[in-house]
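Notes follow the structure.
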Amino acid sequence: MHGYQVTFFTQQERMHKHRPLAQWLLEEVRRLGLRGATLNGSIGGLGHDGAIHAINLFDVSDQPVQVTLVVTAEESQRLFEYLQQERVQLFYVKVAAEFGTLGCPPEAPAADPSTA
């Protein structure tokens, strides 16, 4: 399949609707029926404002976090329209991607030779 890999960048302390923004985004991706997303926390980063943001022993609120997902063109359009309606301010990177799944899903039953 072809679509996009989208990564949103934010900080642990950023909130939307009284929830951490990254967690809110994960929940909304699920609610929109998209196939998945990954939340990653970083040790540190340089923000668009030129400030260093980092996790430390006593405070994780300034921790840089990213939410990454892979979507079709239609899913991407739906997601970005929804985020605009929600008035969410987020920096993102969106790149073209080829994606798919290899192998057999673990829940697929093996063929029963007696029914062949």
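The values are calculated or read from the model by the stated rules, or taken from the named source; none is laboratory data. None of these values were measured; they are calculated from a predicted model. Every residue, glycine among them, receives a Cβ derived from its backbone with ideal geometry; neighbour counts consider all protein chains shown. SASA here: full protein model, heavy atoms, side chains in, ligands and nucleic acids out. Shrake-Rupley method; radii C 1.70, N 1.55, O 1.52, S 1.80 Å.
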Evaluate the range 50-57: report whether one residue or more is open to solvent by less than 70 Å² (accessible area, probe 1.4 Å), more than 20 Å from Ala97 (Cα to Cα), part of a loop (DSSP other than H, G, I, E, B) and in contact with a Pro (Cβ under 6 Å, 6 or more places away or on another chain). no
Kindly list the number of the only condition in (1) touching a Pro at 6+ places or on another chain (Cβ under 7 Å); (2) under 24 Å from Phe99 (Cα atoms) that fails for Gln12. (2)
Residue, modelled with the highest pLDDT, within the range 58-82, restricted to residues that are open to solvent by less than 30 Å² (accessible area, probe 1.4 Å) and farther than 14 Å from Leu34 by Cα: Val65
Selection from the range 58-102 of residues free of Cβ contacts under 8 Å to residues at least 24 places away in the same chain, part of a loop (DSSP other than H, G, I, E, B) and not polar (S, T, N, Q) yields Phe58, Asp59, Arg87, Leu102
When residues of the range 16-49 are filtered for being outside any helix (DSSP H, G or I), surrounded by 11 or more Cβ atoms within 10 Å (Cβ to Cβ) and not hydroxyl-bearing (Ser, Thr, Tyr), how many remain? 15
